[in-house]
Amino acid sequence: MHLRIQRQHTGSAESRELRREFVAELALRYPEQDFSADADTAELPVLDAPGAAWFVVYDDGQPIGCGGLRGLDERTGEIKWVYLREAARGRNVGRSLLAELEDTAREFGYTRLRLSTGDRQPEALGLYVSAGYRPVDDGVPVAHRLDKDLRPGPDDVRVDFRKYDGGPHWHTTLRRLGQDGHGTWLGGTRHTPWRRGTRPPHFPQAPHVLLVPHEGGWVANFHAPPRRTAVYVDVATRPVWTGTGHVTVVDLDLDVVRRRDTGTVELLDEDEFAEHQVRYGYPPDVVGAARRTADHLLAAVTAAREPFGSAHLPWLARLTAPSDA
């Protein structure tokens, strides 16, 4: 899948066709309702206005879905017209589009999002509930009227992976699980979006925990099955905290991994490390420290010395309970 989510005008030919398909599907699911007024939606000016946005989703250049965002007031946005063609469903495309809409809402300054869906759209309802949307009881006669608070929660931690020149790499928001002698443990589920720069979000196969150590130039991800990589350690400069809600990691492109099926431990991306020494101008002391850290990690992960043995299991168990998975 080569996913692209592109902002467009609502009047584009692809946008109009996708909305017509959506209306036709609604008419099949709710035959007792009259959707004739929605059959021709050539223009939806409200979604092209300031504080609003309209997106079309593409896979290998072919349009497969759409969705819009508009403002209800200065702090509240509303998600409208989210639709995916049948072939795109069940592949995290809707989740990627929803994350794009939420990020755009935050850019507009909205702190809350609302949306509506019906009883006969269980796929949509399941997506929204798993993404943190909760029922709203405001007297409006809609089967499911939901909203979500976009403000950071008290346990939310923004994780920014950057290149040595400060350029963006991967970023996400994880939940602070706690601390122990090894460092701070953060967690995410298979519904947690990871973004690489401005690309569409990536969703992990399973829950995972990230350890930010008290000392040392690395961070480690521990993945639950079925992820084939059980442990993935990024060699980095020492992570930098900004308060308790933001940590920045400068990734130096050397990685130590342990495969789940074989237990094999490998050092990855040495060619990328060599290339980036030149591209980003790593100083000799940074190169030396990264090499020493990689050697230490290889030995520690191979021997399953803590925290690379079982220390992560109690933290990961918090994310693999039925309510969190």
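The values are calculated or read from the model by the stated rules, or taken from the named source; none is laboratory data. Everything numeric here is computed off the predicted structure, so don't read it as measured data. Cβ atoms come from the backbone with ideal geometry, glycine included; neighbour counts cover every protein chain shown. Calculation scope for accessible area: heavy atoms of the full protein, side chains included, ligands and nucleic acids excluded. Shrake-Rupley method; radii C 1.70, N 1.55, O 1.52, S 1.80 Å.
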Condition met for LEU113 (closer than 24 Å to LEU72 by Cα and part of a helix (DSSP H, G or I)): no
Output for Cβ contacts, cut-off 7 Å, separation at least six or different chains, first residue under 14 Å from THR320 (Cβ atoms) in segment 170-191, second among the acidic types (Asp, Glu) and open to solvent by 20 Å² or more (accessible area, probe 1.4 Å), reads ARG175/ASP155; ARG175/ASP156; THR189/ASP324
Segment 82-96, residues that are in contact (Cβ under 8 Å) with a residue 60 or more places away in the chain, under 18 Å from PRO122 (Cβ atoms) and open to solvent by less than 40 Å² (accessible area, probe 1.4 Å): TYR83, VAL93, ARG95
Step by step: first the residues of segment 187-223, then only those that are buried (at least 17 other Cβ atoms within 10 Å of the Cβ) and of a type in the set (D, E, K, R), then the one that is nearest to ALA317 (Cα to Cα). Which residue is that? ARG190
If we keep just the residues of segment 112-142 that are of a type in the set (Asp, Glu) and open to solvent by 70 Å² or more (accessible area, probe 1.4 Å), which is modelled with the lowest pLDDT? ASP137
Across (1) open to solvent by 20 Å² or more (accessible area, probe 1.4 Å); (2) at pLDDT 95 or above; (3) not basic (Lys, Arg), PRO226 clears everything bar (2)
Cβ contacts < 6 Å: first residue open to solvent by less than 60 Å² (accessible area, probe 1.4 Å), restricted to segment 305-320; second residue of a type in the set (Gly, Ala, Ser) and at pLDDT 95 or above, any location; separation 6+ or different chain. Result? PHE308/ALA300; LEU316/ALA224; LEU319/GLY187
Determine the pairs where a residue that is farther than 16 Å from THR264 by Cβ and acidic (Asp, Glu), located within segment 214-232, has a partner that is assigned to a loop (DSSP other than H, G, I, E, B) and at pLDDT 95 or above with Cβ atoms under 9 Å apart, the partner being 6 or more residues away or on another chain. GLU215/ARG238
For a quick check of your reading: which strands (runs of 3 or more DSSP E) sit entirely within segment 156-271 and have at least 3 residues that are out of contact with any helix residue (DSSP H, G or I) (no Cβ under 8 Å at 6 or more places or on another chain) and of a type in the set (Val, Ile, Thr)? 246-259
